[in-house]
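Please treat every number below as a calculation from the coordinates, not as lab data. Just so you know, these numbers come straight off a predicted model, no measurement behind them. A quick note on method: Cβ atoms are made from the backbone with ideal geometry, for glycine too, and the neighbour counts reach across all protein chains shown.
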Amino acid sequence: MGKPVVATVSMAGCFGCHMSLLDIDDKILQLIDLVEFNKSPIDDIKKFTKQCDIGFIEGGCCNSENVENLMNFRKNCKILISVGECAIMGGLPSLRNGIPVKECLEEAYLNCLTVDDKIIPNDEELPMITDKVYPCHEIVKIDYFLPGCPPRAELIWEALSALITGKKLELPYEVFKYD
Amino acid sequence: MSTSKSKTKAKAKHDVKAKAKSKSKSKSMKSSKIRFEIDGKECTAKPGQTIVEAARDNGVYIPVLCWYEGMEPAGICRMCMVKVGGRTMPGCTTPVAEGMIIESDVPELEDMRKAMVEMLFVEGNHLCPTCEKSGNCDLQALGYRYRMMVPRFPYQFPLRLVDATYTKIMIDNNRCVQCRRCIRGITTKDGRHVFAMTKRSGKSTIVADRELEAKISDALAKKAMDQCPVGAILKKETGFALPIGRRKYDKAPIGTEVHK
């Protein structure tokens, strides 16, 4: 049996959770021994080249591309993990929830003081913005959740290694935070 | 003769009264300790103490949200629901009675409390990373206590307003859990309430009396912020006073200061 394959993605997030993954410091060497990375911004593989075991999802769904991406992850990964506040509840981008999309776009592209060309971008190349920012588990089934903004490096490491080695996850209180 | 008779009668009456007095005194002495049991632990309480207070005095933590030490209990949040004789009842408003057998730390109640925390998280807009109260928030600390990874209910994302037009404080209705600690606990020296509830049902919100609020001391504004279990009331001008790592619930879970 080969090493478990991990894929990662950052959707409506800030890459902070990926930074926190890198924040495991020298344990990254152990991680490389433990797993193989597939589609991920870490190794810059753009498309799934094989079936993966673990999908690491950062960020919620704020547009059609995010939704497609997430569904693609669900299809190609055995286990999906929502990592961080944005994937779990929409996070900072979800501040727009409750405000109609039209109002948001007008504020950003027409009424904002620093806007030069007053045009709302509408190119077919651009993904459509969803009516609100969706938590990932409201789009597809998510198996595990790691809260935090970002989740502490120790939490990510402990959770990943527990998942890979099959040992019980024991978390100290200080590691489990929502901020 | 008749006068002396009446005198002795009166004396006898007085004696009986005195006896009754001493009897009631001895009875009250006896009842000054109410014995009860909570999760199998033998405890004692003072007469008139509520279950939550008595449990705290005996080193047993019952999770609370709307209850605040020294404040008249209101029984709003239902976090402190305990079981007495198979019936669930709020621990913060129920007085302890002699021989009561209380269940608190049982899986059924703990899951119910966790569900209530989750409901509060989805009902408002609780974005911990953007909140100044993060780390000092009772609701968040209860989330940590129950290891809430994700609420089991769908997020509501209600549209609520932030009112920063006050002088000393600001009110963020996105975070308000309507525990009414601010209404009950924050009064001026002449006993006037600074906060009140407006509108009804799902639309009800906390407001402050603008005239009174503009005149409150910094200490009272800070007290209002500290007594708010969430980040709905924030004191203006100072923010993020404590760094991460030194906040109230950074190192130890909520309830550890009570639990023995």
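In plain terms, chain A is cut at each of the GluC sites (Glu not before Pro) found in a DSSP loop with at most 11 other Cβ atoms within 10 Å, and the longest leftover piece is A:1-123. Placing a pseudo-label 7 Å from each Cα along the Cα-to-Cβ vector at B:Arg152 and B:Ala115 gives an inter-label distance of 0.6 nm. Only helices enter this figure: runs of n ≥ 4 DSSP H residues, each worth -39500 (n - 2.57), summed and divided by the residues of chain A, yield -8500 deg cm²/dmol at 222 nm to the nearest 500. Pairs exceeding a 32 Å alpha-carbon distance, out of A:Lys167/B:Lys114; A:Lys50/A:Lys168; A:Lys78/B:Lys248; A:Lys75/A:Lys168: A:Lys78/B:Lys248.
Secondary structure note: in the protein assembly as shown, about 60% of the DSSP beta bridges are antiparallel. Here is the list for the range A:119-179: trypsin sites (Lys or Arg not before Pro) lying in DSSP coil, each with at most 16 other C-beta atoms within 10 angstrom of its C-beta, are A:Lys141, A:Lys167, A:Lys168. The convex hull around the C-alpha trace of the range B:34-104, projected and averaged over every direction, spans 4.0 square nanometres.
Annotation note: trypsin sites (Lys or Arg not before Pro) in the range A:26-88 located in DSSP loop regions with a Cβ neighbour count of at most 13 within 10 Å are A:Lys46, A:Lys47, A:Lys50.
Taking every DSSP beta bridge that has both ends in chain A, the antiparallel portion is near 20%.
Of the beta bridges in chain B, as assigned by DSSP with both residues counted there, near 90 percent are antiparallel.
Placing one equal scatterer on every Cα of the protein assembly as shown and applying the Debye formula, the log10 ratio I(q)/I(0) at q = 0.10, 0.13, 0.14 Å⁻¹ is -0.85, -1.23, -1.33. Compute the FRET efficiency between B:Lys236 and A:Glu124 as 1/(1 + (r/R0)^6), taking r as their Cβ-Cβ distance and R0 = 60 Å, and round to the nearest 0.05. Taking R0 as 60 Å, the efficiency between B:Lys236 and A:Glu124 is 0.80.
Over all Cα atoms in chain B, the spread is summed up by Rg and Dmax: 23.9, 90 Å.
Remark: spin-label model distance B:Ile244-A:Ile99 equals 2.6 nm, labels positioned 7 Å along the Cα→Cβ axis. Taking the charge dipole of the range B:110-235 about its Cα centre, with +1 at Lys and Arg Cβ atoms and -1 at Asp and Glu Cβ atoms, the residue from B:Pro229, B:His126, B:Asn136 reaching farthest to the positive side is B:Pro229. Longest stretch of chain B clear of exposed loop sites (GluC sites (Glu not before Pro), DSSP loop, at most 11 other Cβ atoms within 10 Å, sites excluded): B:99-236. Evaluated with a Cβ-only charge set (Lys, Arg +1; Asp, Glu -1), chain A carries a dipole of roughly 760 debye about its Cα centre, given to the nearest 20. Between B:Asp226 and B:Thr256, full extension at 0.36 nm per residue minus the direct alpha carbon distance yields a gain of 8.9 nm. Dipole size of the range B:54-137 about its Cα centre, with +1 on Lys/Arg Cβ and -1 on Asp/Glu Cβ: approximately 100 debye, rounded to the nearest 20. Between helix A:153-165 and chain A there is an angle of about 50 degrees, using the helix long axis and the longest principal axis of the Cα atoms. Taking Cα centre as origin and charging only the Cβ of basic (Lys, Arg, +1) and acidic (Asp, Glu, -1) residues, the dipole magnitude of the protein assembly as shown rounds to 4380 debye.
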